[in-house]
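Quick notes on the structure that follows.
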Amino acid sequence: MKKLIFLFLLGFNAITCFGQLNFQQKLGDFGHIGFPGTPTVKPLSTSGTMYIVRNNDDLYLAMVSGAEKSIKDLLDKHFLDSVYAGYIYGSTHSSMKGTIFYQNNIEIEGLRGIEFNYKGNAKGLIYYCYNRAVYLNDTIVAHSIWLRDSLPKEDPKIQSFYNSFKLTMDRKNIRQSNSQDIAYKTGSLVGKMMVVAVILALGFLIIFILKKIFS
């Protein structure tokens, strides 16, 4: 009996600590994600929106941002690699001087995405930033949690936020490759650099907005 009570309390505590993502934020036409409160909405100059919640010392954010039309003119088997590399570089090589300590290609809601974690400095405060992003339909959909303490990527606080993201768009309307749109065009070296430049700027903009929160 005591063992059952202990297990119940343990489970209740886990729900209390990690199950308070009770605000469902719609992310355009793509899906929704859970936040621990009503997010502040920040427009992005790259035809997108960022949603931010500060919960004690933790920062939760999600972002939906359309890619520039020039990206649609690319046809290259390494297209996604270029997009994700540019986004990671823009997020970490900023005034935060981020140092990546984990990076991997992952599956997000059945799509090829990226997960990367880095340590950065925001207004003299050290943050450990845990990030996931997926590119689909000429748009980057990303969500991140910034923590003052370093945690394993498997920690329930991180995983509960990651897992609260749900894709609701009709699967038959989702694409990650642009090859069907531009059957005869090819991605040149200039095109690849354009991808990196566009997504790089997006990463810089996100960090700029977040750093203003601390000021």
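The values are calculated or read from the model by the stated rules, or taken from the named source; none is laboratory data. These numbers were taken from a predicted model, which means no experiment stands behind them. Reconstructed Cβ throughout: ideal geometry from the backbone, glycine too, with neighbour counts over all protein chains shown.
For region 107-137, give me each residue that is under 23 Å from ASP29 (Cβ atoms) and surrounded by fewer than 18 Cβ atoms within 10 Å (Cβ to Cβ).
Selection gives GLU107, GLU109, GLY110, LEU111, ARG112, ASN137.
For region 161-169, indicate whether the set of residues that are in a strand (DSSP E or B), at pLDDT 95 or above and of a type outside the set (Val, Ile, Thr) is non-empty.
yes
Enumerate the pairs (first residue in region 81-97 and surrounded by 22 or more Cβ atoms within 10 Å (Cβ to Cβ); second residue anywhere and assigned to a helix (DSSP H, G or I) and modelled with pLDDT of 85 or more) with beta-carbon separation below 8 Å, excluding pairs fewer than 6 apart on the same chain, so at least 6 apart or on different chains.
No pair meets every condition.
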